[in-house]
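Enquirer: I have a structure here, written as structure tokens, and I will follow up with some questions on it.
The values are calculated or read from the model by the stated rules, or taken from the named source; none is laboratory data. Just so we're clear, the structure is a prediction, and the values are computed from it rather than from any experiment. Backbone-built Cβ (ideal geometry, glycine too); neighbour counts: all protein chains shown. Quick note on the areas: whole protein, heavy atoms, side chains included, nothing else; ligands and nucleic acids left out. Shrake-Rupley method; radii C 1.70, N 1.55, O 1.52, S 1.80 Å.
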Amino acid sequence: MASDAPFDPCASEDVAACLPSLAGEGRALVTQIHPSDEMYRFDLAGPHRSPETAAIRYFAAAHSIFRTVSEVVAWRFGNYGGVRSFLDFASGYGRATRFLARALDPARITAAEIDPGAVRFQEQAFGVRGCVCGTDPGALSCPGPFDVVLAVSFFSHLPAARFGAWLACLYALVGDGGVLIFSTHGPELLPEGETMPAAGLAFRPESETARLDQNEYGTSWVTADFVRATAAGSAGRLFAFPRGLCGHQDLYALAKPPHPPGADLRLSRDPLGALMAANVDGGVVMTHGWAAGDRDERPPDVRLHLGRRLVAVSPGEGVIGGRREWGFTFPVSAVSPDAVVRIEAESPRGATRLLVAESLRPYLPGSG
């Protein structure tokens, strides 16, 4: 992308059609994306991706993060009205910040990021406060304390030497009765053939970003025991949710005393699932995949959208906590070759997972 000007993917009717179910009612969602946004560029780099399908994936992930954070906020503060200050740390170009700024007065949100351009974009686009940070936790200067500190996909990039220091640093910014929310790659996400070291953290000096020192910001995988041991000196109460963020990364909430009375934190995990096979034969599209809900709920429903139309629903059936298979068949003529075919799973609790967002064009004869 040659231009540095933000663009609005909702100029596409297919992208715009997905937004009402994500945004819901309330303040208008800012849908502009900065062309340097690495989360969008990562989505765009996938196989058979177009700007439209990348944007749909981007917004779906952003809303999933927001939904999960909202459950933590509801548990700790009742609702966003009880949150006086919120730090979105390592916020990138505001993938999730845009949803937070609809639920909470943007003046109460501080977006912290190492890239000054990313901070400026969020200040201008969402109206939040900005804080430029570096790689040294000892040099962090963000005006706290904060009721909520959020660090999505930050600890999933840290080497062992930085993990504990950053955890202590961010926890120190949490005000009394507040909470630090962060995510990690669990050991089950380790690349095939690799084993977890006895210490509980594996690290590779490589990541999707080219603008940071890979030895400072690579890719890491950690065990829950490693996180518990690292957080043990904080006096906070740690809650762990395997695959609790977008059904992928492990999620942790470290609550600072005083602890309110009441039930423990319970989060609605996104469904799990994937497309296993798709092909076009004789003018007919055939898709097949699997989906699974949380351990205490029935399997999710799976919905097929062709362009802007919901055309089929496969109801969730099977045992509690079990895995189900799904499949859809439809004629090629049912949708434009460049329209987005979207398949998503929805759990009984209303959590959703985007399973497919592609067009038919790459699968048609002569597409090369």
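Enquirer: Would you call Arg84 among the basic types (Lys, Arg), surrounded by fewer than 19 Cβ atoms within 10 Å (Cβ to Cβ) and either free of Cβ contacts under 8 Å to residues at least 60 places away in the same chain or closer than 18 Å to Cys246 by Cα (or both)? Before you say what the answer is, go through the steps one by one.
Expert: Values: among the basic types (Lys, Arg): yes; surrounded by fewer than 19 Cβ atoms within 10 Å (Cβ to Cβ): yes; either free of Cβ contacts under 8 Å to residues at least 60 places away in the same chain or closer than 18 Å to Cys246 by Cα (or both): no.
It is false that Arg84 is among the basic types (Lys, Arg), surrounded by fewer than 19 Cβ atoms within 10 Å (Cβ to Cβ) and either free of Cβ contacts under 8 Å to residues at least 60 places away in the same chain or closer than 18 Å to Cys246 by Cα (or both).
Enquirer: Condition first: open to solvent by 30 Å² or more (accessible area, probe 1.4 Å) and either among the basic types (Lys, Arg) or in contact with a Pro (Cβ under 6 Å, 6 or more places away or on another chain) (or both). Can you find one or more residues in region 288-296 that meet it? Let's see the steps before the verdict.
Expert: Initially, region 288-296 is screened for residues open to solvent by 30 Å² or more (accessible area, probe 1.4 Å), giving 288, 290, 295-296.
Pick out the ones that are also either among the basic types (Lys, Arg) or in contact with a Pro (Cβ under 6 Å, 6 or more places away or on another chain) (or both) and you get 295.
Yes, region 288-296 contains at least one residue that is open to solvent by 30 Å² or more (accessible area, probe 1.4 Å) and either among the basic types (Lys, Arg) or in contact with a Pro (Cβ under 6 Å, 6 or more places away or on another chain) (or both).
Enquirer: Name the residues in region 146-187 that are closer than 26 Å to Gly78 by Cα and aromatic (Phe, Trp, Tyr), would you?
Expert: Phe146, Tyr171, Phe182
Enquirer: OK, next. What is the number of the single condition among (1) touching a residue at least 40 places away in the same chain (Cβ under 8 Å); (2) more than 26 Å from Glu188 (Cβ to Cβ) that Pro300 does not meet?
Expert: The failed condition is (2).
Enquirer: Turning to a different aspect of this structure: Tell me which of these Ala202 doesn't satisfy, since it passes every other one: (1) more than 29 Å from Arg349 (Cβ to Cβ); (2) open to solvent by less than 30 Å² (accessible area, probe 1.4 Å); (3) touching a residue at least 24 places away in the same chain (Cβ under 8 Å); (4) small (Gly, Ala, Ser).
Expert: (3)
Enquirer: A further question follows. Starting from region 167-178, keep only residues that are in contact (Cβ under 8 Å) with a residue 40 or more places away in the chain, then list their pairs with residues that are assigned to a helix (DSSP H, G or I) whose Cβ atoms are within a distance under 6 Å, requiring at least 6 positions of separation or different chains.
Expert: Pairs that qualify, where the first residue is in contact (Cβ under 8 Å) with a residue 40 or more places away in the chain and the partner is assigned to a helix (DSSP H, G or I), are Leu167/Thr230; Tyr171/Ser234.
Enquirer: Tally up the residues in region 261-282 that are surrounded by 10 or more Cβ atoms within 10 Å (Cβ to Cβ) and over 30 Å from Gly236 (Cβ atoms), please. Give the steps one after another, and end with the answer.
Expert: To start, the set of residues in region 261-282 that are surrounded by 10 or more Cβ atoms within 10 Å (Cβ to Cβ) comprises 265-276, 278-280.
Retained after the next criterion (residues that are over 30 Å from Gly236 (Cβ atoms)): 273-276, 278-280.
Adding up the residues that qualify gives 7.
Enquirer: Mind counting the residues in region 310-340 that are surrounded by 19 or more Cβ atoms within 10 Å (Cβ to Cβ) and of a type in the set (Val, Ile, Thr)?
Expert: Adding up the residues that qualify gives 2.
Enquirer: What are the residues in region 299-309 that are at pLDDT 95 or above and either open to solvent by 40 Å² or more (accessible area, probe 1.4 Å) or within 22 Å of Glu52 (Cβ to Cβ) (or both), if any?
Expert: Within region 299-309, Val302, Arg303, Leu304, His305, Leu306 qualify.
Enquirer: Of the residues Asp43, Asp14, which is open to solvent by 10 Å² or more (accessible area, probe 1.4 Å), without any contact (Cβ under 8 Å) to a residue 24 or more places away in the chain, under 20 Å from Leu355 (Cβ atoms) and part of a helix (DSSP H, G or I)? Working first, answer last.
Expert: On the way: Asp14 fails: without any contact (Cβ under 8 Å) to a residue 24 or more places away in the chain.
The conditions single out Asp43.
Enquirer: A further question on this structure: So, of the residues in region 19-40 that are assigned to a helix (DSSP H, G or I) and modelled with pLDDT of 90 or more, which turns out to be surrounded by the most Cβ atoms within 10 Å (Cβ to Cβ)? Spell out how you get there, then give the answer.
Expert: Going residue by residue through region 19-40, those that are assigned to a helix (DSSP H, G or I) are 19-23, 38-40.
So of that shortlist, the ones also modelled with pLDDT of 90 or more come out as 38-40.
Working: Glu38: 19, Met39: 21, Tyr40: 24.
Filtering first and then ranking leaves Tyr40.
Residue-wise test of (1) among the polar types (S, T, N, Q); (2) more than 15 Å from Leu354 (Cα to Cα); (3) open to solvent by less than 20 Å² (accessible area, probe 1.4 Å); (4) not in a loop (DSSP other than H, G, I, E, B).
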position	(1), (2), (3), (4)
Asp4	no, yes, no, no
Cys10	no, yes, no, yes
Ala55	no, no, yes, yes
Ser64	yes, no, yes, yes
Val69	no, yes, yes, yes
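Enquirer: I'm told Pro258 meets every condition in (1) closer than 25 Å to Pro362 by Cα; (2) open to solvent by 60 Å² or more (accessible area, probe 1.4 Å) except one. Can you identify the failing condition by its number?
Expert: For Pro258, the exception is condition (1).
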